[in-house]
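Derivation of every value follows stated rules applied to the coordinates shown; laboratory data play no part. None of these values were measured; they are calculated from a predicted model. A quick note on method: Cβ atoms are made from the backbone with ideal geometry, for glycine too, and the neighbour counts reach across all protein chains shown.
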Amino acid sequence: MVTYCKLKSGNWGIRSDSDLADGTTTVVTKRDGTQKKERVGKKVWSKPADKVFLFEIKQAKTARATACDNCGRFGAIHECQDSSGLTGVCCSACARMGRFERSFG
Ligand SMILES: [Zn+2]
C-alpha cells in the first residue's frame, strides 16, 4: 500500500510499506480511494521493522531528475512513443531516434 504523507519539510511525500527505488514510478492511493501515478524521489526516512518508508515526490517538471524511459539517462524532456505504442519520456538523443528504435520495456 502506497499513500501520501506530509513530510517534515512541509511538502507532500510518499509513504510505502516496501522500499522503492529512486526514479521509479509508483501508484499512490489517495484518502478518497482514487489513485495517481507519482515518481519516487529521495528516501527521507525508513523503519523497515514497521514497514514504513517515506520518500520525496519527484516533480515531473524538473527535467534533470527525470530519467529517459529508453536509455535511463537523466534529462528526459520529450514525450515519445516506443515501438509498442507505450508513451514515455525521452532524452534529446532518444527523441531523435525513430519510434521503432525505442523500447520502454
Ligand atoms: Zn535516452
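Taking amide H as placed 1.01 Å from N in the peptide plane, the amide H of V44 sits under 5 Å from that of L54, F55, E56, each at least 5 places away or on another chain.
Summing Lys and Arg as +1 and Asp and Glu as -1 over all other residues whose Cβ lies under 9 Å from the Cβ of V2 gives a net charge of -1. Bridging of K51 to aspartates and glutamates at a Cα separation below 17 Å is possible for D17, D19, once same-chain residues fewer than 8 apart are set aside. Compute the FRET efficiency between L86 and D32 as 1/(1 + (r/R0)^6), taking r as their Cβ-Cβ distance and R0 = 35 Å, and round to the nearest 0.05. Using R0 = 35 Å, I get an efficiency of 0.80.
Could you please report the charge total around T25, scoring K, R as +1 and D, E as -1 over all other residues with beta-carbon less than 13 angstrom from its beta-carbon? Neighbourhood net charge equals +1. Annotation: amide H of N70 within the under-5 Å range of C91, sequence separation 5 or more or interchain, hydrogens built in the peptide plane.
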